[in-house]
1. How many residues does segment 161-209 hold that are surrounded by fewer than 17 Cβ atoms within 10 Å (Cβ to Cβ), of a type outside the set (S, T, N, Q), touching a Pro at 6+ places or on another chain (Cβ under 8 Å) and in contact (Cβ under 8 Å) with a residue 12 or more places away in the chain?
2. For ALA155, which of the numbered conditions (1) touching a helix residue (DSSP H, G or I) at 6+ places or on another chain (Cβ under 9 Å); (2) modelled with pLDDT of 95 or more; (3) among the hydrophobic types (A, V, I, L, M, F, W, C) fails to hold?
3. So, restricting to strands (runs of 3 or more DSSP E) that lie completely within segment 1-65, which ones have at least 2 residues that are within 19 Å of the chain's Cα centre (by Cα), of a type in the set (Gly, Ala, Ser) and modelled with pLDDT under 95?
4. Take the conditions free of Cβ contacts under 8 Å to residues at least 40 places away in the same chain, farther than 26 Å from THR83 by Cα, of a type in the set (Lys, Arg) and in contact with a Pro (Cβ under 6 Å, 6 or more places away or on another chain) and apply them to ARG141. Does it pass?
5. How many of the residues in segment 71-82 are surrounded by fewer than 20 Cβ atoms within 10 Å (Cβ to Cβ) and over 16 Å from LEU226 (Cα atoms)?
6. Return the residue satisfying two criteria in turn: it lies in segment 134-152 and is modelled with pLDDT under 95 and either in contact with a Cys (Cβ under 8 Å, 6 or more places away or on another chain) or aliphatic (A, V, I, L, M) (or both), and of such residues it is surrounded by the most Cβ atoms within 10 Å (Cβ to Cβ).
7. Across segment 217-231, what is the number of residues that are buried (at least 18 other Cβ atoms within 10 Å of the Cβ) and either within 21 Å of PRO95 (Cα to Cα) or not hydroxyl-bearing (Ser, Thr, Tyr) (or both)?
Amino acid sequence: MDRKKVFDNGILCNGDALAVLRDLPDASVDAVLTDPPYSSGGLHAGARRVDPAQKYQQTGTKRVYPPMLGDCKDQRSFTMWATLWLSECWRLAKPGAPVLVFSDWRQLPAMTDAVQAAGFEWRGIVVWHKPSARPMLGWFRRDAEFVVHAVKTPAQAFSRRCFPGVFNHRVVAADKVHLTGKPLPLLVDLLGVVPEGGTVLDPFMGGGTTALACIETGRRFVGVELSADYAELASKRIRQAEISAPSNTL
């Protein structure tokens with residue numbers, strides 16, 4: 001695909017997040033919503049370096065997804081890497097911009113450190129409850145992932161709604177196009193704290209779900225995706241979403 005795709009509602013760049021973000025102008029986005037590679041999925045370093053398709057899929061019947069890139073960092077390099085791209089996000093964010101970054105339980109401490117090291121004010125944790133998570137005999141079910149919520153000061157509210165701290169959304173396998181894809185309704189809910197009509201930055205666009213949520217809610221997007229396969233897949237989904245929802249085109 002072309003390295004940069006322009007849509008009615010935003011743009012998608014195929015490239016490394018750090019390299020692309022450095023070329024974007026200061027204070028140009030109203031929010032950051034992203035789901036970066038966790039470099040997780042194992043209790044020990046060796047387990048975390050295996051193919052993500054093995055780490056994150058537990059059943060005998062596996063759906064084939066395009067390769068997932070950038071998911072094999074150790075703990076120290078993950079924290080340093082996250083601080084680097086989040087620092088670029090801080091530069092790009094307007095004052096008051098909310099930041100929402102997905103994490104699992106293993107990387108939650110590292111991600112909260114990186115968000116603060118980059119200059120954002122940490123505001124709390126949002127819980128995504130996954131009722132479809134598999135049970136664990138003798139252990140607590142790991143049926144949650146987390147969203148680190150931060151803001152570029154000064155903090156301000158862009159909605160008069162009161163939002164919950166826990167969102168319950170089932171993973172629907174038939175709707176997934178990415179190995180670790182998040183449900184579209186979850187991202188639509190999270191965008192409630194973003195200014196109406198604002199521009200949302202996602203440095204790890206994956207299959208394009210953030211862009212689809214922006215289109216559905218009348219917001220714009222700036223996306224970056226390292227994988228050419230996923231960037232092409234996201235582009236097709238974005239084009240289809242803009243065709244299906246012309247009234248939301250900005």
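1. Residues that pass the stated criteria total 2.
2. Unmet condition: (1).
3. Of the strands (runs of 3 or more DSSP E) lying wholly inside segment 1-65, none has at least 2 residues that are within 19 Å of the chain's Cα centre (by Cα), of a type in the set (Gly, Ala, Ser) and modelled with pLDDT under 95.
4. Values: free of Cβ contacts under 8 Å to residues at least 40 places away in the same chain: yes; farther than 26 Å from THR83 by Cα: yes; of a type in the set (Lys, Arg): yes; in contact with a Pro (Cβ under 6 Å, 6 or more places away or on another chain): yes.
When the stated conditions are applied, ARG141 passes them.
5. Looking only at that region, the number is 6.
6. Per the criteria, the residue is MET136.
7. The qualifying residues number 9.
The values are calculated or read from the model by the stated rules, or taken from the named source; none is laboratory data. All of these numbers come straight from a predicted model, not from anything done at the bench. Positions of Cβ are backbone-derived with ideal geometry, glycine not excepted, and every protein chain shown enters the neighbour counts.
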